[in-house]
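The values are calculated or read from the model by the stated rules, or taken from the named source; none is laboratory data. A quick note: this is a predicted structure, and the numbers were derived from the prediction, not measured. Methodologically, a virtual Cβ is constructed for each residue, glycine included, from the backbone with ideal geometry; neighbour enumeration extends over all protein chains shown. Protein only, heavy atoms only, side chains kept; ligands, DNA and RNA dropped before computing areas. Shrake-Rupley method; radii C 1.70, N 1.55, O 1.52, S 1.80 Å.
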Amino acid sequence: MPTYPDLTTTDAVAPQEPNGVAPQEQSTAHSSEPGAEAAEHPGRGSDLLESIQHQVALFARRAEQTRLGGVGQARNSMDRAAYLLLNRLEQDGPTGVKALAAAMGIDSSTVTRQVAPLVDSGLVKRTSHPADGRAVVLELSPRGAHRLSEVRASRRDLMALLTKEWTPEEREVFCGLLTRFNRGLAEVHAPFGPRDGSAS
């Protein structure tokens, strides 16, 4: 039986009263007027932002520890950089190094470095550009497509495990907010150019 990564943490557990309601919930349950809660607890907005940044820090640490690498035989069998590169090549088809770097928000030298072992292992192949035989492009190989499918299925199983108690609506909301959060991070780092390493 595979051993699943422990992504739980006691840092996020709020203290509970005997009746099962957290003190924070008790103190605000009667406030029904707009702005009443903010007026009574002027520091709560800062506290919430502090909680968000703390949970993001915990997530980043645990994601790095486990690489969210899925379950079963394919668990942790592909690093993040390789996974993102193969995904992008599957999406875009044969792509030049510069175009691939621009699409991923990293520089060309980083793409060249990251793609080299993928070419050596046969997951990616170098071919001539369909429209310009003089140009060389990178393309997902049949072997690469098969490995990507295996790893993706393994990671999808991990997501199913982690959210098995969630409703479909909760999964949809979480996915939407996480997508929005990632988009915001990309926009914040965009002025610094492709060398920010956001997809490395």
Counting only protein heavy atoms and rolling a 1.4 Å probe, one gets per residue an accessible area for the stretch 119-166 in Å² of 63
Length gained if THR179 through LEU49 is fully extended, taking 0.36 nm per residue and subtracting the Cα-Cα distance, is 45.0 nm
Among ALA186, SER149, ALA135, the residue whose Cα sits farthest towards the positive end of the charge dipole of the stretch 112-191, when +1 is placed on the Cβ of each Lys and Arg and -1 on the Cβ of each Asp and Glu, is ALA135
